[in-house]
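Structure first, then comments.
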Amino acid sequence: MNKEKRKEILNILEETYKGAKCGLDFNSPFELLISTILSAQCTDERVNMVTKELYKEYNTPEAFLTLSEEELGEKIRSCGFYKNKSKNILGACRGIMEKHNGQVPQTMEELIELPGVGRKTANVVLSNAFGVPAIAVDTHVFRLSNRIGLAKGKNVEEVEEKLMKNIPKSMWSDAHHYIIWHGRKICNARKPKCDICPLAPHCEYFNGKQ
C-alpha cells in the first residue's frame, strides 16, 4: 500500500471517528493500568461494570495490597482469567510500591517490568494517562491493520513497528482509537460489513474479494 492510499485511509478514519476515546473508565493512571490488565480477553463494557464497584474501595496500590489473590479474584471473576489477573495485578501493585514510590511509571521500559504488563497495556497507559504518542496493538488493531493493508505483520510487535512508521507520530494515539472503533462497529472479525464500510474502495481485503 502506497503512502497516498494510507493517507486517504487515515483521513477517512479521522472523519468517521473523530473524538473517539479509550473505552475504559478511569480517574487516574493507576486505575487505567488495572482496567487495561483486566481487559485482556474481556470487553471494555464488562471491565467498566466490575471496576465501577471495585474502585469505590480499591483505587490505589496500597488498597489493592490489603487483598489476597483469592479475595481480589472473587471481585474480578466475571472479567475472565481471574486467577492469573489477580496474581498479576497484585504483583504490579507491589512493583509500583517498591520501585516507583507508589506512582505508575511513565516509560515503556519501566511499565513492561511490572507483572501482567506487556507493550499493549503499556502503550494504552502511556497514551491515555500520560499523553505520550503511542499505538497499542490489540486484537482489533492487529486484525484491521493486516486486513486493510495499513500495516502487515505476523505478530503484534511487527504490526506496531510498521504502524509507527506508516502513521505520522502526531496521529499515533488518535489513529489507535479510530482503528479500534472501526473494528467494533464495522470491520468485525467474522462478518465485516464491507457494504457500509467507508474504507472499502481502499481496502486490500475488500478489493481482493471483488
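Here G102, G153 are screened, and the one residue that is in the same structural domain as R184 (by TED's automatic domain parsing), surrounded by fewer than 18 Cβ atoms within 10 Å (Cβ to Cβ) and small (G, A, S) is G153. Among the residues of the stretch 105-127, just one is among the polar types (S, T, N, Q), surrounded by fewer than 22 Cβ atoms within 10 Å (Cβ to Cβ) and part of a helix (DSSP H, G or I), namely S127.
Just wondering, is there one or more residues in the stretch 171-186 that are farther than 30 Å from L65 by Cβ, touching a Phe, Trp or Tyr at 6+ places or on another chain (Cβ under 6 Å), without any contact (Cβ under 8 Å) to a residue 24 or more places away in the chain and not in a loop (DSSP other than H, G, I, E, B)? No, that holds for no residue.
Can you tell me which residues in the stretch 19-41 are over 21 Å from L111 (Cα atoms) and either without any contact (Cβ under 8 Å) to a residue 40 or more places away in the chain or surrounded by 21 or more Cβ atoms within 10 Å (Cβ to Cβ) (or both)? Matches in the stretch 19-41: G19 only.
Checking each residue of the stretch 62-73 against the condition of being β-branched (V, I, T), in a loop (DSSP other than H, G, I, E, B) and buried (at least 21 other Cβ atoms within 10 Å of the Cβ) gives no match.
For C197, the test of being among the hydrophobic types (A, V, I, L, M, F, W, C) and within 23 Å of D44 (Cα to Cα) is failed. Considering only residues that are crowded, with 17+ Cβ neighbours inside 10 Å and either within 15 Å of the chain's Cα centre (by Cα) or of a type in the set (F, W, Y) (or both), which ones fall in the stretch 43-54? The answer is D44, V47. Among the residues of the stretch 128-160, those that are small (G, A, S) and assigned to a loop (DSSP other than H, G, I, E, B) comprise G131, A134, A136, G149, A151, G153.
The values are calculated or read from the model by the stated rules, or taken from the named source; none is laboratory data. Remember, predicted model here, so these are calculated numbers, not experimental data. A quick note on method: Cβ atoms are made from the backbone with ideal geometry, for glycine too, and the neighbour counts reach across all protein chains shown.
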